[in-house]
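In what follows, a single structure is set out as structure tokens and then discussed.
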Amino acid sequence: MRAVALNEIPSAPAVADVEAPRPEAGELLVKVAVSSVNGFDAATAAGYLQGMMEHRFPLVIGKDFAGTVEELGEGVKGFAVGDQVFGVIMKPFLGTGSLAEYVTVSAGYGVTHVPAGLDVKDAGALGLAGTAAFDSLTALNVAKDETLLVSGATGGVGALAVQLAAAAGARVIATARPGAETDFVTSLTDADIQVVDFTGDLEAQVRALAPEGVDAVLHLAGDGVQLAGLLRPSGRIASTVGLTQEAVTGRDVSVHGVMADANAQTLTTLAEKAASGALRVPVTATYPLEQAADAFTAFASGTLGKIAVTCS
């Protein structure tokens, strides 16, 4: 089958012929229709995960998937051949990813059915970013009318988090450059999103909007310590990029490290929101599998929202 594979680390993602996977007991074989590019995939190719997870070569990368169940492994229940499914590859090793024509996934974790009304392209770009946004906001427990600063609002996780937070009644301040980035962020929801330019004096801009500090911060990009300094006393910051409590020792703030847990319940919740129109999956560019290298180049250049990759 055709897949985006790495023969060594680090190396540039490239499309190659690799052996198609077979489902083991408890697994589904999925014919992938759509996947997407995530920061995790770029980090894998760059070698940043060496020593953290087992790497199996040739290493097919990709976390998100949406497609059709082609075969059931022994003992699988709750799914049937022909079902449309989506989710996130959550295996404890790297090598059998979803940027491919076929992928095997555990039927018990990281996969659920695609509901009626959810486009397969959106489903294929929703899983990892949506889960990271959902889990971050759960960790922060932002209440109605609290002020949330989203740093990194133009990426996939940030764009989804802005929508989820606004729908929950939070006052959202988002970071973006003036122009196209600001237009993108403010178009995500009908709520009044206030935008600050992270290339300028970020503290002055945020303090002008929240003089006593914001209640919570979602740290997806930027200097986490600086962002923590924008919190009010007893404020909370959730980070997907490694900020720790030790980094802000002496400050009256709490740090929540977030690793996306793509369980079926969370995936189903996100899918239902997207199918109903309450959540828009911000796919702004789509590439065929054979042009996956171009998709990674676009991702590295800062393409807004999510980049989808069609695999069949």
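The values are calculated or read from the model by the stated rules, or taken from the named source; none is laboratory data. Keep in mind that this is a model prediction, so the values were computed, not measured. Virtual Cβ from ideal backbone geometry, glycine too; neighbours counted across all protein chains shown. For accessibility, only protein heavy atoms count, side chains too; no ligands or nucleic acids. Shrake-Rupley method; radii C 1.70, N 1.55, O 1.52, S 1.80 Å.
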Low-density loop trypsin sites (Lys or Arg not before Pro), region 115-177, at most 12 other Cβ within 10 Å, DSSP non-H/G/I/E/B, are K144
Carbon plus sulfur, as percent of the 1.4 Å-probe accessible area of region 246-312, comes to 50 percent
Take every DSSP beta bridge with both residues inside region 47-201 and express the antiparallel ones as a percent of the total, to the nearest 5. 50 percent
In region 1-141, what percent of the accessible surface is made up of carbon and sulfur (1.4 Å probe, ligands and nucleic acids excluded)? 51 percent
Accessible surface, per residue, of the chain when the full set of protein chains is kept, probe 1.4 Å, Å²: 42 Å²
Between the residues A166, F184, T199, the Cα farthest towards the positive end of the dipole of the chain, that dipole coming from +1 and -1 charges on the beta-carbon of Lys, Arg, Asp and Glu, is from A166
7 Å from Cα along Cα→Cβ at both E246 and A143: what's the point-to-point distance in nm? 3.3 nm
Could you tell me the center-to-center distance, by alpha carbons, between region 234-284 and region 59-122 in angstrom? 22 Å
With the calculation restricted to Cα positions, what are the radius of gyration and Dmax of the chain in angstrom? 19.4, 60
State to the nearest 20 debye the size of the charge dipole of the chain about its Cα centre, where the only charges are +1 on K and R beta carbons and -1 on D and E beta carbons. 220 debye
Can you compute the equivalent ellipsoid semi-axes for region 155-312, i.e. the square root of 5 times each eigenvalue of the Cα gyration tensor, sorted largest first and rounded to whole Å? 28, 18, 17
With the cut-off at 19 Å, report for region 126-184 the share of all Cα pairs above it, as a whole percent. 24 percent
Vicinal HN-Hα couplings computed from phi for region 160-167 (Karplus, 6.51 cos²θ - 1.76 cosθ + 1.60; Hz; Gly/Pro x): 6, 5, 4, 5, 5, 5, 5, 5
